[in-house]
Each structure stands twice: as structure tokens, then as C-alpha cells.
Amino acid sequence: MQFMLIRTDNDDRAAAADPQAVLDDLLRRLPGGAAAAGAPGAPALALAFAPDSEALRLKLWPDGEAVTAGPFPRAERLPAGFAVFEAPSRAAALAWLQGHAHATGTVTLELRETGCPGGCAGIPPGAAGDDACYAILLRSDAGTERDAIPLQEKLDRLNAFNAIHAAAGTLLAGDGLKSTARGARVRVANGGASVIDGPFAEAKELIAGFWMIRAPSIEAALGWARTLPYPTGPEVEVEIRRVALIAPLGAAAGDVSDRLREDASVRAEQLDAALRAELAPQPAWDRP
């Protein structure tokens, strides 16, 4: 199974301001520790964000939009970083996190199962090189928290959009997250860790998925986010964050040949969805 380990840093703003500390801490906590790329236990993707003082929030609704610049109130702060990794089960991942509570200060971690309801195709991580990267973080709502399955035409349009931008080299990674009912929070303090099982009530302080893109500026990333055919809605809110650091990509899905076969399968699924999406009617509020 694939999971996302999210470090929120709602309790410790100083830690969130140091992306290297956030990334190092996430890598230490994963099964296998700070494994080298390609080694067993290495993350499929691990990154840390620049402080939210550099972030933007975009809210879209059928007749308009609103953009808000960070920093944001501490209680509303989204992740300082996250890592995507493989584990045999949720119980195994939680047992590892509890048994390896590297702690100085207080940290809140969130464990989430990846994948979007309805089976939209994820984007396997691609190398970013030296380009600037930004993440579009989809904020949760009541629908995502009940694992509501979007209409098939919405999933088709999203898969088609993702396929086009992945092929162009703009979209580097992306996936949905299952509801927090399938997740847990791990509170680390004083060398120990306690677990709180989901679901969690504060939907707007959670994320339901992400896209990571190359972009020359946060304004360009904002423009890209405006064009996304979000499967949720009609109101959608995202947070746009500059990615400060990305760990070397691991090989959690197997060896190189296995990964290439997986990528080809994903692309075929997306291209098939693109054909269906082209024939499907588009709701009036949806953006092209």
C-alpha cells in the first residue's frame, strides 16, 4: 500500500521555516530511515515547502475567484512537507512511526492513504532537475472527507488534463488522498509518540490531493491552477506552495523496468480517459 506522511508543524513555526530540517526529519521517520534512492524503504517522493509567507490560496466558484497571500493563521496552516512511501499496511506504518519517534520538540504527523475515490490515475514522480517547482494542494471539503466518488466525466477530464501536462513535462507528480477516516495523526513529543485515529473534523485544514509542477514563478503556478478541471466542486480551494527541497527519487514501486511498465500503464489509462472526456458534456461551471 502507498501512504503519505505529512508534517504539519502547526505547533512549531520555527521548524516549518527550515525546509532542510523538515525534509531530514521526514526521511528519518520513514521505514528504512534515510535510505538512498533506489534502496528498499526509499520514498517515492519526499519534499519540503518554503514557508507559507510565500504561499497563495486560490478559491474558485462558478462566478468568480479569490486569491489570498500568506502567511496564514497557525491553525489553518497546511503541510510543511510530505513523503510518499510504501508499507504493508496502515497498522505496519503506524507501528513503525511509534517505534521510531525521533523527537526534539513537538511535531504533529499525519498518515494518509494515497489514491482518489473513483480511481483517477496518479502521476508517478518525475525528476525536476534544476527547475523551480510548485505544489497545488487541494484543500479537503465535506465531499472528499466522505470519499465521495466524482462523476466519471469529471475523472475523465482530470485524467486527460494530467496526461497532457505530464507528457509536456510540466506536471511532475500528483495523486489524491483518501479521507482521514482511513488515516491517523501521530503526535511526537519528548521522545514518544501517540496515535489519534481519523476521521478529523477540521476539513479545511486538511488536503485531499496534490499536483507538483514546473513553473517560472508562483504567479505562473497560480495561472496553471486556474485551468485545472478539479473533480470536486462547485467550490474549490487550493494552496499554492513553492517546493524548497526535493529528496532524490526512490524506487518504491520496484526496479527500473517495473517502474517503466507502471508508467506506461498509467499513461494508457489517461489517454483512454482523454478520448472519453472529449465526448463527454462539460458542466457550465467547469473550467476548460
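Only the coordinates and a few stated rules stand behind these numbers; no lab work does. All of these numbers come straight from a predicted model, not from anything done at the bench. Glycine also receives a Cβ, built like all others from the backbone with ideal geometry; neighbour counts cover every protein chain displayed.
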- Task: Run a plain Debye calculation on segment 101-216 (Cα atoms as equal point scatterers, no solvent) and give log10 I(q)/I(0) at q = 0.18, 0.20 Å⁻¹, rounded to two decimals, same order as the q list.
- Result: -0.98, -1.08
- Provide the per-residue ³J(HN,Hα) series for segment 213-222, in order, calculated from phi with Karplus coefficients 6.51, -1.76, 1.60 and θ = phi - 60°, each as a whole number of Hz, with x at glycine and proline positions. 10, 7, 7, x, 7, 5, 5, 5, 5, 4
- Note on the structure: So, relative contact order of segment 106-246 in percent, Cα under 8 Å, 6 or more apart, is 41 percent
- Message: Please list, ordered by chain and number, the residues whose modelled amide H lies under 5 Å from the amide H of T114; skip anything fewer than 5 residues away on the same chain.
- Response: Q2, F3, M4, K178
- Please compute the net charge surrounding C133, taking Lys and Arg as +1 and Asp and Glu as -1 over other residues with Cβ under 12 Å from its Cβ. +1
- Note on the structure: Taking placed amide H atoms and a strict 5 Å upper bound, the residues 5 or more places from A55 or on another chain that come that close are G70
- Task: Can you pull a Stokes-Einstein diffusion coefficient for segment 55-148 at 37 °C (0.692 mPa s), Rh from Kirkwood over Cα pairs, as a whole number of µm²/s?
- Result: 191 µm²/s
